[in-house]
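Report on the structure given below.
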Amino acid sequence: MKYKLLKRKFHSDLWIAIFAVTFGLHAVQNIHHSDSSFYRPKSPSKCVYCYKEDYILMCHIVAQATARTATAVRMLANTSGMSHAKCRSEFYARTNNTVRRFPVPLGKVNWEVPYPEYKPTHYTSEHVLKSPPWADKEDLASAGYNWNDMDNGVNRRSYLGQYKLDDEGHPLNPIGRTGVQGRGCLGRWGPNHAADPIVTKWKRDSQGHQVLGPDDLPILQCVLILRGDCNEWALPGGMVDPGENVSKTLQREFLEEAMDSCSEEEISKIKHFFESEGAEIYKGYVDDPRNTDNSWMETYAMNFHDHDGSVFEKIQLQFGDDAVGVKWKDLTKDLKLYASHSEFIDILLDLHINSKYL
Ligand code: BGC
């Protein structure tokens, strides 16, 4: 009996091994014969298929495949939500440390985990309570909002799927507890939708040649703005207006925050650039310091890459709107940015550098 089981296991393992070897050789052959961008080593090297002993080249391919898988897994994970730390910090954002969040240990974030002592602080800013045009009404009973759906141009759907309502009909943060109840300084109950343009180019010298970093890899640069509300560097994103298409928001926010007072010619160049380029980097929940148990930020982040540097060659960045600074920033893994923006940069680096050059 034991022998039979072992034999069956050996056969199944054998099939897996045959499949892996066939698939591996097929992939290597395709990399060699198709001149695709999948494989681009840093320095010219011998081809695996012709010189099978070229171990270094093989390592490049394996590392590249691993980086690609990591990016894919990360992007998959991203749709289900990011970390939940900034929205559990001691004080609620923009209150001069006057509104303290009820402490939520990591193990008590999930609504399913009982937390009988949980008494979240109630906070909705004075400004939001006055119901400006971008905010909902405080009294839900009379408002009749269409949760989990489009509602008169307002997108009340979450990228994470259907969210629940509490006993009084308030939307519940899909990731879990934050220590604050109400809307804080966010206008909408439930998801508040934003969009983040990630505009990138390769760093070049005055002759237009790509500059390499200490690790011999090209340096990716991205447009960042300094936020006036918290003095943190961030992507030049903003809120999606009711009835506005997200692709319009991406363009509008970039022009307002990073290219204030630019010429008509520059505006049309940027519009064309945004319409012809674009790769989705992230869509989902954001670990924003303004999140509460009933209101939270979600965003759609898209990368627009100026491959040869020609689009931004003569364009001077100029901050505007809520921004108090703007610059092209060399990207590294350890950048500290507003909300979840550093995590978007990690995905971006995987996409442009790690999966191509490592
Ligand atoms: C910002 C976006 C950010 C979003 C979520 C918005 O206010 O403009 O850049 O991604 O909040 O944090």
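The values are calculated or read from the model by the stated rules, or taken from the named source; none is laboratory data. Just so we're clear, the structure is a prediction, and the values are computed from it rather than from any experiment. With ideal geometry, Cβ positions are generated from the backbone for all residues, glycine too; neighbour counts draw on all protein chains shown. Keep in mind that these areas ignore ligands, DNA and RNA; they rest on the heavy atoms of the full protein, side chains included. Shrake-Rupley method; radii C 1.70, N 1.55, O 1.52, S 1.80 Å.
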Worksheet item: Quick check, is residue 258 under 22 Å from the mean Cα position of the chain (by Cα) and within 19 Å of residue 346 (Cβ to Cβ)?
Response: no
Practice prompt. Please find, within region 108-137, the residue that is farthest from residue 291 (Cα to Cα) out of those that are among the small types (Gly, Ala, Ser) and at pLDDT 95 or above.
Written response: 135
Discussion item. It is to be established whether one or more residues within region 191-204 are closer than 30 Å to residue 273 by Cβ, touching a residue at least 24 places away in the same chain (Cβ under 8 Å) and of a type in the set (Ser, Thr, Tyr).
Written reply: yes
Worksheet entry | Failed criterion for residue 316 (all others in (1) in contact with a Phe, Trp or Tyr (Cβ under 7 Å, 6 or more places away or on another chain); (2) surrounded by fewer than 16 Cβ atoms within 10 Å (Cβ to Cβ) hold) | (1)
Discussion item. Could you go through region 236-252 and let me know if any residue there is more than 24 Å from residue 157 (Cβ to Cβ), out of contact with any Gly (no Cβ under 7 Å at 6 or more places or on another chain) and not basic (Lys, Arg).
Written reply: yes
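Residues checked against (1) in contact with a Ser or Thr (Cβ under 7 Å, 6 or more places away or on another chain); (2) modelled with pLDDT of 95 or more; (3) among the hydroxyl-bearing types (Ser, Thr, Tyr); (4) not in a loop (DSSP other than H, G, I, E, B):
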residue: 324; (1), (2), (3), (4): no, yes, no, yes
residue: 328; (1), (2), (3), (4): no, yes, no, yes
residue: 332; (1), (2), (3), (4): no, no, yes, no
residue: 337; (1), (2), (3), (4): no, yes, no, no
residue: 345; (1), (2), (3), (4): no, yes, no, yes
residue: 350; (1), (2), (3), (4): yes, no, no, yes
residue: 354; (1), (2), (3), (4): no, no, no, yes
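Any residue that is open to solvent by less than 30 Å² (accessible area, probe 1.4 Å) and either assigned by TED's automatic domain parsing to the domain that holds residue 259 or in contact with a Phe, Trp or Tyr (Cβ under 6 Å, 6 or more places away or on another chain) (or both) - is there at least one of those in region 128-139?
yes
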Worksheet entry | Residue count, region 186-209 (criterion: open to solvent by 10 Å² or more (accessible area, probe 1.4 Å), farther than 23 Å from residue 302 by Cα and touching a Phe, Trp or Tyr at 6+ places or on another chain (Cβ under 8 Å)) | 0
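So, in region 140-175, how many residues would count as being of a type in the set (Asp, Glu), under 27 Å from the mean Cα position of the chain (by Cα) and open to solvent by 30 Å² or more (accessible area, probe 1.4 Å)?
As a first pass, look at region 140-175 and keep what is of a type in the set (Asp, Glu): 149, 151, 166-168.
Filter again for under 27 Å from the mean Cα position of the chain (by Cα), leaving 149, 151.
Checking the rest, the ones that are also open to solvent by 30 Å² or more (accessible area, probe 1.4 Å) come to 149.
Qualifying residue count for the region: 1.
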Worksheet item: So how many residues does region 323-354 have that are within 16 Å of the ligand (Cβ to nearest atom), out of contact with any strand residue (DSSP E or B) (no Cβ under 9 Å at 6 or more places or on another chain) and either farther than 15 Å from residue 286 by Cα or in contact (Cβ under 8 Å) with a residue 60 or more places away in the chain (or both)?
Response: 1
Practice prompt. May I ask you to verify whether residue 301 is away from the ligand (no atom under 14 Å from the Cβ), in the same structural domain as residue 222 (by TED's automatic domain parsing), under 17 Å from the mean Cα position of the chain (by Cα) and small (Gly, Ala, Ser)?
Written response: no
Fill in: Test for residue 145: is it more than 13 Å from residue 295 (Cα to Cα), in contact (Cβ under 8 Å) with a residue 12 or more places away in the chain and in contact with a Lys or Arg (Cβ under 6 Å, 6 or more places away or on another chain)
no
Worksheet item: Looking at region 244-286, which of its residues are within 16 Å of the ligand (Cβ to nearest atom) and of a type in the set (Val, Ile, Thr)?
Response: 246, 249, 281, 286
